[in-house]
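One structure is given here, and the rest of the page talks about it.
Since every read-out is calculated from the coordinates, none of them should be taken as a lab result. Computed from a prediction, not measured in an experiment: that's the story for all the values here. All Cβ positions, even for glycine, are placed from backbone atoms using ideal geometry, and neighbour counts span all protein chains on display.
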Amino acid sequence: MPDIVATPKLTAAGAARIMAAAIVKAAAMGVPQCIAIVDDGGNLLAFRRMDGAKLLSIRTCQRKAYTAVFNRARSGTVSRELALELALVTQGKFVNLKGAAPIMVDGKVIGAIGVGSGTGEQDLEVALAGIAALPGASSGG
Amino acid sequence: MTDVVPTLRLTAAGAEKVMAAAIAKAGALGAPQCIAVVDAGGNLLAFTRMDGAKVHAVEASLNKALTAASHRARTGAMPPEVGAALAMATEGRFVNAKGGEPIAVDGHVVGAIGVGSGTAEEDLAVAVAGAAALGAK
């Protein structure tokens, strides 16, 4: 095993591209959203709150993105008991709500997008539209 | 005193203008930054971490913006002892460092921008450039 390996990293430009597509999708759906994009360390890269989006979603969309990056999977898929445990041990950072997906390139998670303010289905739809804008990226589905 | 008064509100489009101007200024300075734009209530509207900006500055930029919105004034001007007391009382959300600038339109603070990752002077210059983009008076 080598000591150091090359790994893809999501740039600010990549995050901006995903963000722009997600906003276009949310606007087309008529559902104002809070949208957060984090890197593979769960650190915030980009955030936008659209006019009319819920204030509570500022935090939840970031935590959804964090959850997707650390689970390397879409959020909202964990069993109820496990989700409560995880929420407790992470002091609420783990959120078992739909609306986030990992951003994957070459089978590696390079970040995640979390969306909140609509229904879980609407949130996920916007998240996936964002990832679809990044050439070569998949969304852990 | 009337019960309800009209007020000015910063929109997502306005926040985008502030963000774009701030990113342009940071790029020109060669200082990658974390930049946060909040509304008058201190709630996040837009955030960007430029390539190379410090991860640590994510939180700092948010809190500088919150501080500028809350005080309706440029950050970093408090005497150190007051600044430390306020930081403790607010669990670190009050930040007595440069880089937070209120966004004022017609003398009314509609929000604020917080910038972190560069030197204090770079942070301030980027925040001022962002706030100025809105045709602020």
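From least to most packed, judged by other beta carbons within 10 angstrom and beginning with the fewest, B:MET88, B:MET1 follow the order B:MET1, B:MET88. A:GLY42 sits among other residues whose Cβ lies under 10 Å from its own Cβ, and their net charge, with Lys and Arg +1 and Asp and Glu -1, is 0. Taking every C-alpha pair closer than 8 Å and separated by at least 6 residues, the mean separation divided by the residue count of chain B gives a relative contact order of 28 percent.
Grab the eigenvalues of the alpha-carbon gyration tensor for region B:1-42, scale each by 5, take roots, and send me the semi-axes largest first in whole angstrom.
Working: eigenvalues 194, 19, 10 Å².
So the equivalent ellipsoid measures 31, 10, 7 Å along its semi-axes.
Just checking the output field for A:30-36: average partner chain Cβ neighbours within 10 Å of each residue's Cβ?
On the way: counts 0, 0, 1, 0, 3, 0, 2.
Rounded to a whole number, the mean comes out at 1.
Applying a DSSP loop filter and a limit of 13 other Cβ atoms within 10 Å to the trypsin sites (Lys or Arg not before Pro) in region B:54-135 leaves B:ARG72.
Would you calculate a helix-derived [θ] at 222 nm for the protein assembly as shown, using -39,500 (n - 2.57) for each DSSP H run of n ≥ 4 and dividing by the full residue count, to the nearest 500? Write down the numbers at each step before the final one.
Working: 8 runs with 113 residues, N = 278.
Mean residue ellipticity at 222 nm (helix-derived): -13000 deg cm²/dmol.
Spin-label pair B:ALA77-A:LYS93: with each label point 7 Å from Cα along the Cα-Cβ axis, the two points sit 3.6 nm from one another. Exposure proxy for A:ASP123, A:ASP51, A:ASP39: other Cβ atoms within 10 Å of each Cβ, ordered fewest to most, give A:ASP51, A:ASP39, A:ASP123. In the neighborhood of A:VAL5, defined by Cβ-to-Cβ distances under 15 Å, what is the net charge if each Lys or Arg adds +1 and each Asp or Glu adds -1? In short, -1.
For chain B, hydrophobic long helices are taken as DSSP H runs at least 15 Å long by C-alpha position along their axis with mean Kyte-Doolittle hydropathy of 1.0 or more; these are B:12-29. Beyond 30 Å in Cα-Cα separation lie the following of the pairs A:LYS108/B:LYS64; A:LYS9/A:LYS98; A:LYS9/B:LYS25; A:LYS54/A:LYS108; A:LYS64/B:LYS64: A:LYS108/B:LYS64; A:LYS54/A:LYS108.
Quick check on chain A: take the gyration tensor over C-alpha atoms, sort the square-rooted eigenvalues as a ≥ b ≥ c, and tell me if it's rounded (a/c under 1.5), prolate or oblate.
Oblate is the answer for chain A, as a/c is 1.5 or above yet b/c matches or exceeds a/b.
At the listed q of 0.10 Å⁻¹, the Debye profile of region B:12-132, built from one uniform point per Cα, gives log10 I(q)/I(0) equal to -0.24. Within a straight-line Cα-Cα reach of under 18 Å, B:LYS98 can be paired with the following aspartates and glutamates, leaving aside sequence neighbours fewer than 8 residues apart in one chain: B:GLU59, B:GLU81, B:GLU121, B:GLU122, B:ASP123.
Charges only on Cβ, +1 for Lys and Arg, -1 for Asp and Glu: so what's the dipole of region A:49-102 about the Cα centre, in debye to the nearest 20? Please list the in-between numbers first.
Values: 10 positive and 3 negative charges, 30 e Å.
So the magnitude is around 140 debye.
When only alpha carbons of the protein assembly as shown are considered, Rg and Dmax amount to 18.8, 72 Å.
For chain A, averaging the sequence separation of C-alpha pairs within contact (under 8 Å, six or more residues apart) and dividing by the residue count gives a relative contact order of 28 percent.
Charge tally around A:PRO32: other residues with Cβ under 11 Å, Lys/Arg +1 each, Asp/Glu -1 each, net +2.
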